[in-house]
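> This structure is in structure tokens; I'll ask about it shortly.
Read-outs throughout are calculated quantities, based only on the coordinates presented, and are distinct from any laboratory measurement. This is a predicted model, so every value here is computed, not measured. Cβ atoms come from the backbone with ideal geometry, glycine included; neighbour counts cover every protein chain shown.
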Amino acid sequence: MESEGLLSVVIPVYRSEAYLADTVRELVTYLEPRTRFEVVLVNDGSPDGVAHVIDGLCAGDGRVRAITLGHNIGQHRATLRGFAMARGDIVVTVDDDGQNPPQSAMAVARALVENDLDVVYGRFQSVEQSAPRRLASRMNRWLSRRTIQNYRDVAITNVRAIRGDLARALGAVSSPYPYIDALVFRMTRHVGEVPVEHLAREKGQSTYTLSRLLKLWVSHLTSLTVLPLQFAMVGSFGVSALGFVVGLIQLARVLIEQKAPAGWLSLFVSVTFLFSVLFAFLGIISAYLGRMYVSLNERDLVWTRTTHSSGVAAGQPPGSPSQRRAGSGAA
């Protein structure tokens, strides 16, 4: 992508003291002869000495900018802080571990421009990840088709290129539990993918523990989707209907047999009926909660992709005298 526009590469940083410098230097060496760029590092409250590494990188190259957060807020929130800082026409995200080569960053940026898209993800041709990470990736893809309207099964990965103005709009989102890809699919449908390379990790270990993966899934399930509440609503109405049917069956038995039911049966039917009413109300509450949740989380997620301007002066109809004078003057 030999371009006059500025490319911003946002890298969330956590426990990468041993290899962050190599990752950034490799990126700078590759991008320098190809495009104007900046590297935005977001230190997500890392407990190791990576802050000193960041200081050295910023001091040695003015194109490297960085912030250090006061505490760990999670990869997605940290990345959004980087989006808010980025000044580029295109914003690309990669990890700090060197598994995403610079060629991958350039590939998604180039595809964004060539295909006039708003977001392009990199689909890994081969995945050099641990078993838990591969499982998480498969689970996220499965969930994305059902929760964030990713109907075309676009690969959801950490390598993505985003239009600069869209990235900064995402950076303004103030949700304490953001999921970047859910926000992306809410704000635009111009999303694509391109094959990219994924390298094996040479240093360190993945910081994605089982607990962090579980938190990621929970975040995915509760980001701009009411699927869990819909399950609760359907389950509540189902239990309610079951209780009502059981009550009708027992009432029919009493009428047919013409004798009073056993005491325990009367108690069972009464309790079942009361619980059916309770679960019906829970179903109604779930429906309203779902609407409130979506309304609250979708605020400020409307993004203007294009503003269409007219050659006619504002407020002037076609063929007005001022327009004719402007036209004759140009001739």
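> Once the piece of chain linking Tyr151 and Arg36 is laid out straight, how much longer is it, given 0.36 nm per residue of separation minus the C-alpha distance between them?
Gain in length upon complete extension: 37.9 nm.
> Further, regarding this structure: Would you pull out the residues with amide H under 5 Å of Ala66's amide H, same chain only if 5 or more places away, H placed 1.01 Å from N?
Amide H to amide H, under 5 Å and 5 or more residues apart or across chains, Ala66 pairs with Leu41.
> Of the listed peptides 182-190, 9-17, 54-62, what is their order by residue-averaged count of other C-beta atoms within 10 Å, with the highest listed first?
Result, highest mean first: 9-17, 182-190, 54-62.
> What fraction, in whole percent, of alpha-carbon pairs in the range 58-106 exceed 13 Å separation?
Tail fraction, whole percent: 68.
> Taking R0 as 41 Å, what FRET efficiency do you get between Thr29 and Val234 from their Cβ-Cβ distance, rounded to the nearest 0.05?
0.15
> Going by amide H atoms built from the backbone, whose H comes under 5 Å of the H on Leu6, apart from near neighbours?
Amide H neighbours of Leu6, under 5 Å, 5+ apart: Asp89, Ile90.
> Nearest 0.05, what FRET efficiency do Val302 and Lys259 give at R0 = 45 Å with Cβ-Cβ as r?
Using R0 = 45 Å, I get an efficiency of 0.10.
> Now for a separate question. Run the numbers for Thr68 and Ile249: contour at 0.36 nm per residue of separation, minus the present Cα-Cα distance, in nm.
Taking 0.36 nm per residue and subtracting the Cα distance, the gain is 58.6 nm.
> Quick one: in the range 1-128, what % of C-alpha pairs are over 22 Å apart?
So the portion of pairs separated by more than 22 Å is 31 percent.
> For the range 29-85, what size does the Cα cloud have along each of its three principal axes, sorted from largest down, in whole Å?
Here the Cα extents, ordered largest to smallest, are 36, 22, 15 Å.
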